[in-house]
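K.L.:
Structure in structure tokens, see below.
The values are calculated or read from the model by the stated rules, or taken from the named source; none is laboratory data. All of these numbers come straight from a predicted model, not from anything done at the bench. Glycine also receives a Cβ, built like all others from the backbone with ideal geometry; neighbour counts cover every protein chain displayed. Calculation scope for accessible area: heavy atoms of the full protein, side chains included, ligands and nucleic acids excluded. Shrake-Rupley method; radii C 1.70, N 1.55, O 1.52, S 1.80 Å.
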Number of protein chains: 2
Amino acid sequence: MTSQLPATLGHIVAIGGAEDKTSDLEILKQVFALAPSGSDDVTVIATASSIPDQVLPEYEAAFTRLGARRVHALDIQDRRQAADPGNVELIERSGVIFFTGGDQLRLTTVLGGSATLKAIRDRLLAGAVVAGTSAGAAAMPGTMIYDGNAMDALRKGAVKMTSGLGFVDGLIIDSHFLERGRFTRLMEVGASNPEHLGVGLGEDAAVIIHPSQILEAIGPGHVILIDSRNLASSNITELSMGEAVAIEHMVMHALISGHGFDIEARRYLAPAPLKASLAETT
Amino acid sequence: MTSQLPATLGHIVAIGGAEDKTSDLEILKQVFALAPSGSDDVTVIATASSIPDQVLPEYEAAFTRLGARRVHALDIQDRRQAADPGNVELIERSGVIFFTGGDQLRLTTVLGGSATLKAIRDRLLAGAVVAGTSAGAAAMPGTMIYDGNAMDALRKGAVKMTSGLGFVDGLIIDSHFLERGRFTRLMEVGASNPEHLGVGLGEDAAVIIHPSQILEAIGPGHVILIDSRNLASSNITELSMGEAVAIEHMVMHALISGHGFDIEARRYLAPAPLKASLAETT
């Protein structure tokens, strides 16, 4: 599988939600540490959130504690604001661009095709970190899940998908994954197109997506990978909407902090091989 | 893997809970159809249930509708009743022995080592059907799960296990599997001993375990299989209790009605191969 996107120089950090924002800041600390040197401004984008006034101060406090020179809290709520050159300018100055949680469909409907989104992509290409939690993580790939009852999502059409923000290709990201039992969502997705790796992020867990397409798990929680590339068979094309999907052979891994995965080679990386892979490519 | 148990002549039906008891009776109909000819008595055992007076009449009505000559509702609540020759006699007359849901630990603590349990094993060997739903399904193998928060059960010691009723070996059964997002429970179980196949039964879904060790999925719901036999690595032995378990490589399948699995060969059976396998061995 080859990515359709230009190679990025910056890191992406996708967080499963409910990350620690007040204690050790284990994940946010690593997000901030990945910023290019001399680029200590952080932009936090609360477009996904329905409670931006509550969420933005929490991240302002956390990134300030971590040493951010300035934290720009962007409460972009509509497409006019997404086109605002003032917002673009703040992003251009930032070494970290962070997306809060909320509704990922708000992210794409407000930011899709906007000057703000273009500026973020440019910053990523130039080496900045793009990070997001919950909805902000789910929206990162070229295709995203935006809805689907986890009770039994393994029924044709149960999982709702659309185009994402397109920062990374080759994977589909789901958040709150273990806590909300979302395995069936990534299974339906894998049956409908086995090419993309399913990445299920637990709460207070994250993956760093290195520019070399190596995933590195961080944080106290779990990262579940569902690899459908060698799917042997599925009945999904024969079904009507709502009917139960059969699946023969998907491979699953559970990563904890310090473990990784080579997306391209579909290879699990225990701590030593992960370090070697990252040393090789940086 | 070779089973430690004597070969059975009868069928086992493990149901994931919440099976239809009043409409088409899709699963219960198949349970009753597997009874040996001329053996039309059904025994329903409500030992697991805390509401036997509510549960027993539902199954009495369902099996009567299906053509049972007599339905014996056994509300065995303690070990004295489990030793009662009157109950043993009713079981000896039955072609179907059915366990209701509830708490599987009540099943083992009340029935373990009892004359009633011995009589049920003998009936299974002689060709009777042993069926159970929810707790009644979970308790069937030699080892069972009896507790473990599904929120993130992929932490050492989160899943509580003990000896089950021992009707079948080589698998671990979990119920309400998709509806309660219990994937992490069978993943922890697979990491701690990859030998046994994880069978995750959805609601209104079941597996028939044929005497030939072929699984056959029935009912409208899903049966998820988690096969850890080729587990590549796990950190579980290095962890303290409560720490996150890493897993490299488990294989997952989703079966729907009419699909099956060869436990011994670890082979997925689509409808045509399933029919061929069953024809071969009966």
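K.L.:
Across the stretch A:89-117, what is the total count of residues that are among the basic types (K, R) and part of a helix (DSSP H, G or I)?
P.N.:
1
K.L.:
Among all residue pairs at least 6 apart or on different chains, which show Cβ distances below 6 Å where the first residue, located in the stretch A:147-161, is more than 16 Å from B:A254 (Cβ to Cβ) and the second is at pLDDT 90 or above and small (G, A, S)?
P.N.:
A:K160/A:G148
K.L.:
Looking at the stretch B:229-261, which of its residues are touching a Gly at 6+ places or on another chain (Cβ under 8 Å) and loosely packed, with under 14 Cβ neighbours inside 10 Å?
P.N.:
Within the stretch B:229-261, B:M241, B:G242 meet the criteria.
K.L.:
Among the residues of the stretch A:177-203, which ones are of a type outside the set (A, V, I, L, M, F, W, C) and at the interface with another protein chain (Cβ under 10 Å from one of its Cβ atoms)?
P.N.:
Matches in the stretch A:177-203: A:E179, A:R180, A:G181, A:R182, A:T184, A:E188, A:G190, A:G200, A:G202, A:E203.
K.L.:
Can we say A:A46 is in contact with a helix residue (DSSP H, G or I) (Cβ under 9 Å, 6 or more places away or on another chain) and farther than 19 Å from A:P141 by Cβ? Before the answer, list the steps.
P.N.:
Numbers: in contact with a helix residue (DSSP H, G or I) (Cβ under 9 Å, 6 or more places away or on another chain): yes; farther than 19 Å from A:P141 by Cβ: yes.
It is true that A:A46 is in contact with a helix residue (DSSP H, G or I) (Cβ under 9 Å, 6 or more places away or on another chain) and farther than 19 Å from A:P141 by Cβ.
K.L.:
Right, something else. Can you tell me which residues in the stretch A:180-199 are without any contact (Cβ under 8 Å) to a residue 40 or more places away in the chain and not polar (S, T, N, Q)?
P.N.:
A:R180, A:G181, A:R182, A:P194, A:G198
K.L.:
Something else: Can you confirm whether B:R180 is on the phi < 0 side of the Ramachandran plot and at pLDDT below 95?
P.N.:
Considered against the rule, which asks whether it is on the phi < 0 side of the Ramachandran plot and at pLDDT below 95, B:R180 comes out as yes.
K.L.:
Now, a different point. How about the stretch B:120-150: which of its residues are open to solvent by 10 Å² or more (accessible area, probe 1.4 Å) and away from chain A (no Cβ under 14 Å)?
P.N.:
Of everything in the stretch B:120-150, those that are open to solvent by 10 Å² or more (accessible area, probe 1.4 Å) and away from chain A (no Cβ under 14 Å) turn out to be B:R121, B:D122, B:R123, B:L125, B:A126, B:G127, B:S134, B:G142, B:T143, B:Y146, B:D147.
K.L.:
Out of all the residues in the stretch B:267-282, which are facing another protein chain (nearest Cβ under 8 Å) and under 21 Å from the mean Cα position of the chain (by Cα)?
P.N.:
Across the stretch B:267-282, the qualifying residue is only B:Y268.
K.L.:
Take the residues in the stretch A:41-68 that are among the charged types (D, E, K, R) and exposed (fewer than 14 other Cβ atoms within 10 Å of the Cβ); name whichever of them is nearest to A:V110 (Cα to Cα).
P.N.:
A:D53
K.L.:
Tell me which of these B:E264 doesn't satisfy, since it passes every other one: (1) facing chain A (nearest Cβ under 10 Å); (2) open to solvent by 10 Å² or more (accessible area, probe 1.4 Å).
P.N.:
With (1) facing chain A (nearest Cβ under 10 Å); (2) open to solvent by 10 Å² or more (accessible area, probe 1.4 Å) applied to B:E264, the lone miss is (1).
K.L.:
OK, next. Hey, can you tell me all the residues within the stretch A:151-203 that are over 21 Å from B:R182 (Cα atoms), open to solvent by 10 Å² or more (accessible area, probe 1.4 Å) and not in a loop (DSSP other than H, G, I, E, B)?
P.N.:
A:K160, A:M161, A:T162, A:S163, A:S192, listed by residue number.
K.L.:
Okay, next question. Among the residues of the stretch A:162-208, which ones are aliphatic (A, V, I, L, M) and more than 15 Å from the chain's Cα centre (by Cα)?
P.N.:
The answer is A:L178, A:M187, A:V189, A:A191.
K.L.:
Take the conditions at pLDDT 95 or above, over 16 Å from B:S49 (Cα atoms) and more than 11 Å from the chain's Cα centre (by Cα) and apply them to B:L105. Does it pass?
P.N.:
Taking the combined requirement at face value, the residue does not satisfy it.
K.L.:
Are there any pairs, at least 6 apart or on different chains, whose C-beta atoms fall under 7 Å, with the first in the stretch B:233-260 and within 24 Å of B:G202 (Cα to Cα) and within 7 Å of chain A (Cβ to nearest Cβ) and the second of a type in the set (D, E, K, R) and open to solvent by 30 Å² or more (accessible area, probe 1.4 Å), and if so, which?
P.N.:
B:H253/A:E248
K.L.:
I've got another one for you. B:V130 is checked against (1) over 30 Å from A:S175 (Cβ atoms); (2) not in a strand (DSSP E or B) and fails just one. What number does that condition carry?
P.N.:
With (1) over 30 Å from A:S175 (Cβ atoms); (2) not in a strand (DSSP E or B) applied to B:V130, the lone miss is (2).
K.L.:
Of the conditions (1) more than 28 Å from A:H222 (Cβ to Cβ); (2) within 21 Å of the chain's Cα centre (by Cα); (3) among the aliphatic types (A, V, I, L, M), A:A46 satisfies every one except a single condition; which number is it?
P.N.:
(1)
K.L.:
How many of the residues in the stretch B:88-103 are of a type in the set (A, V, I, L, M), open to solvent by less than 10 Å² (accessible area, probe 1.4 Å) and touching an Asp or Glu at 6+ places or on another chain (Cβ under 9 Å)?
P.N.:
Residues flagged as of a type in the set (A, V, I, L, M), open to solvent by less than 10 Å² (accessible area, probe 1.4 Å) and touching an Asp or Glu at 6+ places or on another chain (Cβ under 9 Å) within the stretch B:88-103 amount to 2.
K.L.:
What residue, among those in the stretch A:215-232 that are touching a residue at least 60 places away in the same chain (Cβ under 8 Å) and aliphatic (A, V, I, L, M), is nearest to the other protein chains (Cβ to nearest Cβ)?
P.N.:
For the stretch A:215-232, the residue satisfying everything is A:V223.
K.L.:
Oh, and also: Please go through the stretch A:22-33 and pick out each residue that is open to solvent by 40 Å² or more (accessible area, probe 1.4 Å) and within 18 Å of the chain's Cα centre (by Cα). Steps first, please.
P.N.:
Residues of the stretch A:22-33 open to solvent by 40 Å² or more (accessible area, probe 1.4 Å): A:22-24, A:26, A:29-30, A:33.
Residues satisfying the conditions are A:E26, A:K29, A:Q30, A:A33.
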